[in-house]
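To keep things clear, I will list the structure first and then write my remarks on it.
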Amino acid sequence: MIGPDIAGIAGQLVAAADRGVAIGQLAAETGLDVDAAYAVQAELVRRRLDRGEQLVGLKMGLTSRAKMAQVGVDEVIWGRLTDRMRVADGGTVSVGDFIHPRVEPEVAFLLDRQPEPGEPVAEFATAVRAVAPAIELIDSRYANFSFSLPDVIADNTSAGAFVVGPWCSVPEGLDNLGVLLEIDGQVTQVGSTAAILGDPRRAFDEGVRLAGQHGVRLHAGWVFLAGAATAAVALRPGAHVRAVVEKLGTASLRAAA
Amino acid sequence: MTVDYETAARELIEARESGKPCPPLRGRLIPDEDIDSAYLVQQAQVRQWLRRGHRRVGAKIGLTSAAVQASLGVYQPDFGVLTEAMAVPDGVEVPCGRLLQPRVEAEIAFVLGADLPDERITTADLIRAVDHLLPAIEIVDSRIAGWDIAIVDTIADNASSGLFVLGTTPRRLADVDLRLAGMVLEQAGEPVSVGAAAACLGNPLHALAWLARTLARSADPLRAGDVVLSGALGPLVPVTPGAAYEARISGLGSVRTCFAKEVEE
C-alpha cells in the first residue's frame, strides 16, 4: 500500500501560506494519520529552513480542555517555531501576510539546556532559565479554521507568528497566574495559566516527551510556547494587542492598519 | 400590573423549601423590566428570613461578568442578601437536598472593617474599609425552573443565591493583585473553570464600590463585619452530585466544597 504523499501535502500547505489563500482539509482524502502528519510538518518546516530560516523553538497546541473538545481529541500537539515567525515585543505585523490570523495570550519558556525526554516535572526548574508573557498569532491554512487532528499537525499546529515579552526568572508558582488579552486597551479575554493543562510546566513535559518520540530534541536558547491561556481572538488591521500575565508582565504587538 | 410582593416572595420561599422550582415571575407576578419591584420581592423574602431569626451577614454581587450581562441583556450588576444560614464551612459536605439546581463559582469575599454609609466614596475609602479578603466558593441556585431567568427573576430570587463557603486564611488587599489574580476551580484535579479577578467588572473592587453606593442609598448600608461576595472570577459550573470542588485564587489561597452523592427525596 502506498502511503500519503508527504512531500505533496507539505507543498500544498507551504503554497497556501505563501499565497495567503486557505485550502480545504487534506487528511481525510489522503489517509493522513498522526505520524504521517508529523512527517508532513517536518517536511514543510524543512522547506522553510532551506530558505534560510532557523529553528528557534517549539510550540504546543490543544492544551486546553475547551480546545481539545472543540477538535474532538484528548491529546496535545506540538509544532515548530522559526526565527521568521518571531516578532519583536511591541512590533508590527501585517494582517495581509496571513490568511485569517488570531491572537492568544501564552507564556513562553527559555531553555537553559537540552532536557531529556521523559524528564519529570521536578527537573523543570533546571531546564528552564526564564519565563515571559507571550502572544501567539495562529493562522490555520485551512478554510474557516476547520481541521481534523492530523490536518492541524501537518499545518505546523497553525503556527503563524509569536511575540515574547521580557524574560524574567521563574516565579514560585506558574500554575494559576491570571492572564488577560487586551485589544486596543479593552480586556477581551480573561483566563489563567491553569487553562494550560492545569500547569504550563506539564505542557513543557509533554512537549519534550512528544517531540522526543519524533526524534526532536529541544536546545539551549530555544523558546517554548506552552499553549493558550484563553480563547483566540481574530486580529483586525490596526489593532493593538497586549497579553498581560500576573507576576510576568506584558507582551504586545500591533497590526498594521 | 400591580405587584403583590408578598405573594411573589411566598412562591419563591416555597420553591426554596419544597425543592420544587417555580415558573419565571416575569410577566406573571413582576413586569418584565421592573427592577424596583423585583428588589421589593427580594426584601419581602429577606424580612421573612429575619422574622424566623436569621441574621443578615452581608451581601452577594451578581451579574458581574460581561458574558452573563450580555446573556441577560443588562449592563449593571445586581445584589442579594447573605444570611448565616447560607454559610457552609470549608470542605464540609453539602446535602444536595438543600439545593434545587446548584452551580458553583469562585469569588473573592471582602470582609469589611468599617461601615460604608456614604455613597460619595472613592477607591481609597473602599481600601480603608476592607479589613481582609478570603477566597470563596459561591453555590448559586435558582428557584426558577431550568434557570430560565431574566433580570427581574434573578433579583427577586435574591440574586440566585444558594450557599457560600469561605476560606479560613485571611489576606490583606496588598497580598492580592485585584486585576490579575488567577483563578482555577478544580473538580478531581481537573480545571473546570479558569479565570482571573478582572472577569469581575474589570476589578472586584469596582463591584464592591457599586454595591456600597447602591446600599448607601437604602435603609441597609454595608457595615463593619459584613461579608461581600464579589461576583464570579470565571464561568460557573453545574454541580455534579458527589463531586468535590476546590477553588484557588492567586494570592488568596484555596477553599473547598463537596456535595452529597444522592439527591434527597
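Of the residues A:I23, A:I77, which is closer than 25 Å to A:G165 by Cα and surrounded by 14 or more Cβ atoms within 10 Å (Cβ to Cβ)?
Exactly one residue qualifies, and that residue is A:I77.
Which condition from (1) closer than 21 Å to B:D131 by Cβ; (2) away from chain A (no Cβ under 11 Å) is the one that B:A197 breaks?
Just one mismatch for B:A197, condition (2).
Can you tell me which residues in region A:39-75 are assigned to a loop (DSSP other than H, G, I, E, B) and at pLDDT 95 or above?
A:R51, A:G52, A:E53, A:Q54
To keep it simple, each residue is scored yes or no on (1) crowded, with 24+ Cβ neighbours inside 10 Å; (2) free of Cβ contacts under 8 Å to residues at least 60 places away in the same chain.
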position	(1), (2)
A:L210	no, no
A:V216	no, no
A:G227	yes, no
A:A234	no, no
A:G238	no, yes
A:V245	yes, no
A:A251	yes, no
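Select from region B:158-192 the residues that are farther than 26 Å from B:A244 by Cα and away from chain A (no Cβ under 14 Å) and list them in ascending order.
Those that are farther than 26 Å from B:A244 by Cα and away from chain A (no Cβ under 14 Å): B:R172, B:L173, B:A174.
Could you please give the count of residues in region B:5-38 that are within 27 Å of B:R98 (Cα to Cα) and charged (D, E, K, R)?
So the count comes out to 9.
One residue is enough: does region B:138-145 have a residue meeting the conditions surrounded by fewer than 20 Cβ atoms within 10 Å (Cβ to Cβ), closer than 24 Å to B:C258 by Cα and out of contact with any Asp or Glu (no Cβ under 6 Å at 6 or more places or on another chain)?
Yes, the conditions are met somewhere in region B:138-145.
Determine which member of the set B:R248, B:R213 is within 14 Å of chain A (Cβ to nearest Cβ) and among the basic types (K, R).
B:R248
Within region B:12-34, how many residues turn out to be in contact with a strand residue (DSSP E or B) (Cβ under 8 Å, 6 or more places away or on another chain) and either among the small types (G, A, S) or closer than 18 Å to B:G73 by Cβ (or both)?
Counting residues in region B:12-34 that are in contact with a strand residue (DSSP E or B) (Cβ under 8 Å, 6 or more places away or on another chain) and either among the small types (G, A, S) or closer than 18 Å to B:G73 by Cβ (or both) gives 4.
Could you say whether any residue in region B:3-22 is under 19 Å from the mean Cα position of the chain (by Cα), assigned to a helix (DSSP H, G or I), under 30 Å from B:A197 (Cβ atoms) and touching a residue at least 12 places away in the same chain (Cβ under 8 Å)?
Taking every residue of region B:3-22 in turn, none turns out to be under 19 Å from the mean Cα position of the chain (by Cα), assigned to a helix (DSSP H, G or I), under 30 Å from B:A197 (Cβ atoms) and touching a residue at least 12 places away in the same chain (Cβ under 8 Å).
Can you name every residue in region A:227-239 that is more than 14 Å from chain B (Cβ to nearest Cβ) and either among the basic types (K, R) or touching a Ser or Thr at 6+ places or on another chain (Cβ under 7 Å) (or both)?
Answer for region A:227-239, where residues must be more than 14 Å from chain B (Cβ to nearest Cβ) and either among the basic types (K, R) or touching a Ser or Thr at 6+ places or on another chain (Cβ under 7 Å) (or both): just A:R236.
Residues of region B:251-263 being outside any loop (DSSP other than H, G, I, E, B) and either surrounded by 20 or more Cβ atoms within 10 Å (Cβ to Cβ) or within 14 Å of another protein chain (Cβ to nearest Cβ) (or both), which ones?
B:G253, B:S254, B:V255, B:T257, B:F259
Would you mind stating whether B:L163 is surrounded by fewer than 23 Cβ atoms within 10 Å (Cβ to Cβ) and under 27 Å from B:L100 (Cβ atoms)?
So B:L163 fits the description; yes.
Among the strands (runs of 3 or more DSSP E) lying completely within region A:112-189, list those that include at least 3 residues that are under 16 Å from the mean Cα position of the chain (by Cα).
A:128-138, A:159-164
Taking region A:150-199 only, how many residues are polar (S, T, N, Q), within 13 Å of chain B (Cβ to nearest Cβ) and either surrounded by fewer than 21 Cβ atoms within 10 Å (Cβ to Cβ) or more than 20 Å from A:L81 (Cβ to Cβ) (or both)?
Residues in region A:150-199 being polar (S, T, N, Q), within 13 Å of chain B (Cβ to nearest Cβ) and either surrounded by fewer than 21 Cβ atoms within 10 Å (Cβ to Cβ) or more than 20 Å from A:L81 (Cβ to Cβ) (or both): 5 in total.
Hey, among B:L233, B:L211, B:L205, which residue is of a type outside the set (S, T, N, Q), in a helix (DSSP H, G or I), under 16 Å from the mean Cα position of the chain (by Cα) and closer than 21 Å to B:A174 by Cβ?
When all the criteria are applied, what remains is B:L205.
Table: residues versus (1) polar (S, T, N, Q); (2) farther than 29 Å from B:T122 by Cα; (3) crowded, with 24+ Cβ neighbours inside 10 Å.
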position: B:T169; (1), (2), (3): yes, no, no
position: B:G182; (1), (2), (3): no, no, yes
position: B:G202; (1), (2), (3): no, no, no
position: B:A224; (1), (2), (3): no, no, no
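Would you please list the contacts, defined by Cβ atoms under 9 Å and residues six or more apart or on different chains, that run from a residue in region A:2-29 that is closer than 16 Å to A:S158 by Cβ to a residue that is in a loop (DSSP other than H, G, I, E, B) and among the β-branched types (V, I, T)?
Here the result reads A:A16/A:I99; A:A17/A:I99; A:G20/A:I99; A:V21/A:I99; A:A22/A:I99, each pair linking region A:2-29 to a residue that is in a loop (DSSP other than H, G, I, E, B) and among the β-branched types (V, I, T).
The values are calculated or read from the model by the stated rules, or taken from the named source; none is laboratory data. All values derive from a computational prediction rather than experimental measurement. As a convention, Cβ positions derive from the backbone with ideal geometry for all residues, glycine included, and neighbour counts pool all protein chains shown.
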